[in-house]
Each structure stands twice: as C-alpha cells, then as structure tokens.
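Below is one structure, written out as structure tokens, with a few remarks after it.
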C-alpha cells in the first residue's frame with residue numbers, strides 16, 4: 001500500500017507539485033541525470049524522461065545526481081530522523097533523555113520539531129511509548145510487575161504504573177485477572193495500535209498516540225463492566241493479519257467482525273463510513289445525506305470523531321466540503337498518507353464491510 005503508485009499518478013503529482021508525496025517518491029530525469037523531489041520548482045520534464053524512486057538512495061544507486069534547488073538527499077530534519085529512528089528501534093527499552101540527545105550533538109528542541117513534523121509526536125514521546133509497549137508485552141505473558149518495569153526501562157514501579165495509567169486509564173494490576181475482553185499492541189507502518197477484542201469481535205482499534213485513547217479506554221471499560229484485561233485472542237491475530245495485508249496493498253477490505261459501542265445515530269454514521277470504498281472520499285454533508293439526515297452535518301462530524309475502530313471503520317476517508325483535509329484523531333499526517341496510498345492503489349477491489357447481524361449496542365463510546 002505504501003509502495004510507489006503508477007507512472008501516471010506520480011507524473012500528475014510532479015506537475016502539481018503535490019506535497020502529499022513529499023519524502024515518499026522522487027523523480028530522476030534521464031536527460032539531465034538529476035533527481036528531485038516531486039515538489040521541486042524546476043521546469044518539469046516530459047513524462048517519458050522520468051524515472052521514479054522510493055528514496056534518494058535508490059536514485060543515487062542508479063547514477064542520478066541530487067538537484068541543487070530542492071536538495072532531495074535531505075534536510076537537517078531528515079538526517080536527524082535517519083539517525084535517531086533506527087537507534088530507537090534497536091533499543092526500544094532505553095530511557096532516552098534530552099541529555100542523551102545533546103550528547104549525540106543534537107539540540108533537543110530541533111529533534112522534537114523534526115519528529116513531530118514527520119511522525120506527529122516527539123522523539124521522547126515515541127521512546128516512552130516503546131518502553132511502555134515492552135512492559136505491556138511482558139505483563140501479557142504473566143510476568144511479575146518488577147520484570148515488566150525493568151523491561152520497559154522505567155526507573156521505578158510508580159513511574160511505570162503512572163505511564164500505564166495515563167495511557168490506558170487503569171492501573172496495571174487491574175488488567176491482569178480474568179477478563180472477557182483482551183488488549184494487546186499491534187505494530188503497523190504508521191505506528192503502534194491498541195486492539196481490544198474478545199473471541200467474537202473487535203471492540204476497539206486505535207493508534208497508540210491518540211490523545212483521547214485513555215478516555216476511550218475508560219469509557220469502554222465502563223460499558224463492559226471493567227471486563228478488560230491484557231492478553232491476545234484469535235481476533236487479535238486476525239486483525240494483525242488483515243492490517244498487514246491492507247498496508248501491503250494486498251487487500252483493501254476488512255472482514256473483521258466488529259462490535260459497535262455507540263448510540264443509534266453513531267452506529268448509523270459508522271456503518272455509512274464503511275460504505276465508502278478505499279480510494280474514495282466523502283464530505284460530512286455527503287455522509288449526512290447518505291444516512292438520510294442532510295441537516296445533521298455537525299452531528300455526523302461528532303460521530304465521525306468518536307469512532308473507536310480506526311481503519312476498519314474508515315473515518316479517515318471524510319474530508320472538508322472544499323476538498324481540504326480536516327481533523328483526524330490519529331493525526332493529519334496519517335490521514336494524508338492513508339488517503340494518498342488508497343487512491344494510488346484503489347479501484348481494483350473496492351467495497352465495504354458486511355455489518356449485517358452485528359450488535360450495534362446503545363451506550364455511547
């Protein structure tokens with residue numbers, strides 16, 4: 001899904017200087033031997049003279065030289081990310097500090113801005129999430145709290161519990177007993193996600209850095225009587241497999257059984273969202289008309305914002321009436337990449353989820 005689109009799509013993006021492809025695609029011009037960003041202000045080449053690359057390294061390997069106007073080999077922010085992101089991946093349990101960044105020769109504020117622009121969160125926020133994930137996995141296996149704490153890289157049990165409670169809305173010890181719903185972490189190309197499921201259906205799927213995630217988890221816990229614990233079910237494995245196929249561009253449709261925790265109106269909106277094929281978008285007004293309530297545009301927008309099943313209920317496919325991207329709880333940068341990627345490969349197998357027979361519930365999440 002996140003691979004290069006076809007030649008026609010890329011050339012149209014080049015001529016339009018489409019910023020959505022910034023960092024995702026580069027063009028090499030065979031008549032000059034130079035490669036550029038798609039947003040380069042230089043005169044555009046003829047389509048037959050273009051060669052497309054997913055990274056500057058690919059273009060350099062083919063003998064192209066970087067453009068002196070758009071500097072496609074990267075800015076300072078690109079170099080920071082290229083250095084620090086692999087370090088974080090190699091040592092997810094490390095307790096990174098601003099002093100560590102300074103010791104590597106980086107200004108912490110510059111690092112913070114670079115990561116927020118690229119990932120929607122700071123380097124230290126990503127570090128804390130990685131450590132929490134490590135501790136979560138340890139606890140899921142039934143290990144003692146102190147072992148989970150050490151695996152997560154926290155200096156104290158109180159620090160781990162505080163971070164855990166900020167994220168999930170519950171102290172860790174409340175998530176270890178018998179439970180009907182289980183919570184686990186799933187990695188995706190756009191960041192970690194929390195999936196909550198039982199043996200029958202998926203109840204929640206959210207990006208880990210969503211600000212409203214703790215509140216959503218607390219509400220879900222109230223709705224199900226606190227019956228949420230750490231662990232994994234067959235639905236988690238199935239969700240992870242379908243997400244992997246989705247991001248690989250092998251399947252645009254999710255066939256996961258879901259449990260909608262919303263009012264009658266919210267459930268109506270969420271089902272309508274699932275009627276939007278991959279590669280297409282709708283405005284809030286169009287969505288309101290589709291459910292037979294053309295004047296309920298604001299209510300539709302609120303229902304869209306309260307969706308707790310990211311990607312499976314594709315609220316990212318709703319945009320402003322003027323075609324601009326509007327708020328997305330998972331981050332506008334994710335919305336931009338999801339829409340661009342779906343449009344790049346959409347049209348070959350579009351459709352919607354079959355929600356017939358799904359218990360929509362009544363309580364508002």
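The values are calculated or read from the model by the stated rules, or taken from the named source; none is laboratory data. Not measured: the values here are computed from a predicted model. Methodologically, a virtual Cβ is constructed for each residue, glycine included, from the backbone with ideal geometry; neighbour enumeration extends over all protein chains shown.
Quick notes on this one:
- Selection within segment 211-232: residues that are under 18 Å from residue 306 (Cβ atoms) and touching a helix residue (DSSP H, G or I) at 6+ places or on another chain (Cβ under 8 Å). The member of this set that is surrounded by the fewest Cβ atoms within 10 Å (Cβ to Cβ) is 214.
- Residues of segment 57-74 classified as touching a strand residue (DSSP E or B) at 6+ places or on another chain (Cβ under 6 Å) and not in a loop (DSSP other than H, G, I, E, B), total: 2
- The set of residues in segment 299-331 that are in contact (Cβ under 8 Å) with a residue 60 or more places away in the chain and not in a strand (DSSP E or B) comprises 308, 310, 311, 312, 329, 330, 331.
- Scanning segment 220-240 turns up no residue that is assigned by TED's automatic domain parsing to the domain that holds residue 305, modelled with pLDDT under 90, outside any strand (DSSP E or B) and within 22 Å of residue 126 (Cβ to Cβ).
Residues checked against (1) touching a helix residue (DSSP H, G or I) at 6+ places or on another chain (Cβ under 6 Å); (2) surrounded by fewer than 19 Cβ atoms within 10 Å (Cβ to Cβ); (3) assigned by TED's automatic domain parsing to the domain that holds residue 191:
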residue: 34; (1), (2), (3): no, no, no
residue: 46; (1), (2), (3): no, yes, no
residue: 52; (1), (2), (3): yes, no, no
residue: 90; (1), (2), (3): no, yes, no
residue: 98; (1), (2), (3): yes, yes, no
residue: 101; (1), (2), (3): yes, no, no
residue: 105; (1), (2), (3): no, yes, no
residue: 109; (1), (2), (3): no, yes, no
residue: 132; (1), (2), (3): yes, no, no
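- Candidate set: segment 308-360, residues that are over 28 Å from residue 221 (Cβ atoms) and touching a strand residue (DSSP E or B) at 6+ places or on another chain (Cβ under 7 Å); chosen: the one modelled with the highest pLDDT: 317
- Selected residue (criterion: modelled with the highest pLDDT) from residues of segment 165-186 that are closer than 26 Å to residue 241 by Cβ and part of a loop (DSSP other than H, G, I, E, B): 180
- With respect to the conditions (1) at pLDDT 85 or above; (2) over 29 Å from residue 337 (Cα atoms), residue 162 falls short on a single one, namely (1).
- Filter pass, residue 28 being touching a residue at least 24 places away in the same chain (Cβ under 8 Å), in a strand (DSSP E or B) and more than 29 Å from the chain's Cα centre (by Cα): yes
- Residues satisfying the stated conditions in segment 244-270, i.e. under 21 Å from the mean Cα position of the chain (by Cα), in a helix (DSSP H, G or I), modelled with pLDDT of 90 or more and surrounded by fewer than 20 Cβ atoms within 10 Å (Cβ to Cβ): 244, 245
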